[in-house]
Amino acid sequence: MEKGEITTSGFNLRALVSAYYKLANYRFEQGLPEQALATYGKITEISPHYAEVHYNLGIVFRTLAQREANPKKKQKLLNRAREEFQLQTQYDWHRRAAKTALKALAELLRLQPKSHQKALPNQNQ
């Protein structure tokens, strides 16, 4: 066993998480956000503080919201996207990965209701 390997009952969890991560990304790239969502969910069960997964979940929920016609369901999906971007920001901030934390924060701000965006500076100036 290499130094830093996480194992449980003979399983290499780091390799398992990596495989799930690649599969989830592939599913999303293939236009299968629901399947990507399920796979990212498996990762959060194994490694709940994996910041990049929460960022990707935010992207998936935002994508699903954009496709949703029902306003109530759309709002729920946008709320989940916000939650995931907040988690990613929180976990990366604690890891001192400010650059990726700010990336998630920018996504979070894009999802703010228009009534909240009035307080934001105009980026076109």
Where nothing but the Cβ of Lys and Arg (+1) and of Asp and Glu (-1) is charged, how large is the charge dipole of segment 7-112 around its Cα centre, in debye to the nearest 20? 220 debye
The Cα extents of segment 10-72 along the principal axes, largest first and rounded to whole Å, are 46, 23, 15
Using R₀ = 30 Å, calculate the FRET efficiency as 1/(1 + (r/R₀)^6) where r is the Cβ-Cβ separation of L23 and K72; round to 0.05. 0.45
Using θ = phi - 60° and the Karplus form 6.51 cos²θ - 1.76 cosθ + 1.60, what ³J(HN,Hα) does each residue of segment 38-47 get, whole Hz, x for Gly and Pro? 4, 6, 4, x, 4, 5, 5, 5, 7, 9
Give the average over all directions of the projected area of the C-alpha convex hull of segment 7-112, one decimal, in nm². 7.0 nm²
Label points 7 Å out from Cα along the Cβ direction at Q35 and N79: separation in nm? 3.0 nm
Give me a comma-separated list of calculated 3J(HN,Hα) values for segment 54-63, in order, Karplus coefficients 6.51, -1.76, 1.60 applied at θ = phi - 60°, integers in Hz, x for any Gly or Pro. 5, 4, 5, 4, x, 4, 5, 4, 5, 4
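Each reported figure results from applying straightforward, stated rules to the coordinates on display, with no laboratory input. Predicted, not measured: the structure shown is a model, and the values here were computed from it. FYI the Cβ positions are ideal-geometry reconstructions off the backbone, even for glycines, and counts take in every protein chain you see.
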